[in-house]
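Structure record follows, encoded as structure tokens.
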């Protein structure tokens, strides 16, 4: 149990039931998870465990926490204080929507299945970092009414990113978008090691350790990108001077411009964007080639596959093997793009001094890499230069 986390947890207004137990939220989570494991072993069906799982999610601060067992802070300052007390870095997630919601943005949902539910990765995260999440903005939803009582409701647009921070808020590294679980651990572990090495030194010597790490990480990823570029004939490296307007007359990128930047969520969103009249560009085959090198580090473990099975409609579970295989393949392509293009770009920004201001860095990531800038309230779903021929463009609200 984290003593600092327990004491500080009492400061954030947890549910009275937590206080009544006589212990803090992380210890309560351990008790709830043990009860869940006992009842699962006794053969209880998921439906019978629904109330217990809802309580686990409430205490953990995230959806599907019965599978991950991870505790999340919502207050970054509090997470940083806990991290300082424990000598650990903070892993801070930014997403659209809420991590507690079944309909947060697509990539954050994929994280819950592929990353947080992974037994080995979850154990390491629990031991080596303090977890925090924060919503950038609500996740847009699209509902299609089939007219006979059936409805299709999905989220659309948006992306997610994990930042590794020192307790003072300095950004050590960033992992943008979806990674396979093995690839996520491969990328994050050296950053955590560098952060902990820095924390073992006096404050005035830490910047040099972080700068050395960032320089070495940038050089390594750039070398790999160069090798893959030579093999595929495509330019896969860092996006120097990336545009944030999508090249459009209206001055802002569309959701179709943003879609190829996260292939996993594009797989889900492409039919919806097409229905809206926005045609995402075709997939770049170079990323399929690049992704093949990451495929084995993108395999789901048994626990993640079990959670994935819950997410598939009951009448489609005969095809679960194919769904899993397709997800792993797309995840590998996302991993390649994130490791060989987006992450080196962010590391370049960090080496230029962007790591001192997380809020400004996050705005830049969403504007220039994810193509969903703050100044577009419609997230590219209502381009200014396209005619809807509906009064007011069909746009309502503040």
- Item | Gain in span if fully extended, residue 127 to residue 230, counting 0.36 nm per residue against the direct Cα distance | 33.1 nm
- Would you mind giving the average projected area, over all directions, of the Cα convex hull of the stretch 139-191 in nm² with one decimal? 5.7 nm²
- Message: At R0 = 35 Å, how high is the FRET efficiency between residue 148 and residue 31 if r is their beta carbon distance? Nearest 0.05 is fine.
- Response: 0.20
- Message: Taking 35 Å as R0, compute the FRET efficiency from the Cβ-Cβ separation of residue 103 and residue 189 and round it to 0.05.
- Response: 0.65
- So, in nm, how far is label residue 301 from label residue 84 when the simple model puts each one 7 Å beyond its Cα toward the Cβ? 3.3 nm
- Contour minus Cα-Cα span, residue 315 to residue 385, at 0.36 nm per residue, comes to 21.0 nm
- Could you give the radius of gyration (one decimal) and Dmax (whole number) of the Cα atoms in the stretch 320-369, in Å? 15.0, 46
- Considering every Cα-Cα pair within the stretch 60-136, what fraction, in whole percent, is farther apart than 20 Å? 25 percent
- Starting with the fewest neighbours, write out 342, 31 ranked by other beta-carbon atoms found within 10 Å of each beta-carbon. 31, 342
- Message: Taking 22 Å as R0, compute the FRET efficiency from the Cβ-Cβ separation of residue 323 and residue 76 and round it to 0.05.
- Response: 0.05
- Could you put 335, 396, 288, 372 in order, starting from the residue whose Cβ has the fewest other Cβ atoms within 10 Å? 396, 288, 372, 335
- What's the center-to-center distance, using Cα atoms, between the stretch 64-141 and the stretch 163-211 in Å? 16 Å
- Query: What spacing in nm lies between the two simple spin-label points modelled at residue 204 and residue 137, each 7 Å away from Cα in the Cβ direction?
  - Reply: 4.4 nm
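Only the coordinates and a few stated rules stand behind these numbers; no lab work does. Treat the numbers as computed from the prediction; the structure is a model and nothing was measured. Virtual Cβ from ideal backbone geometry, glycine too; neighbours counted across all protein chains shown.
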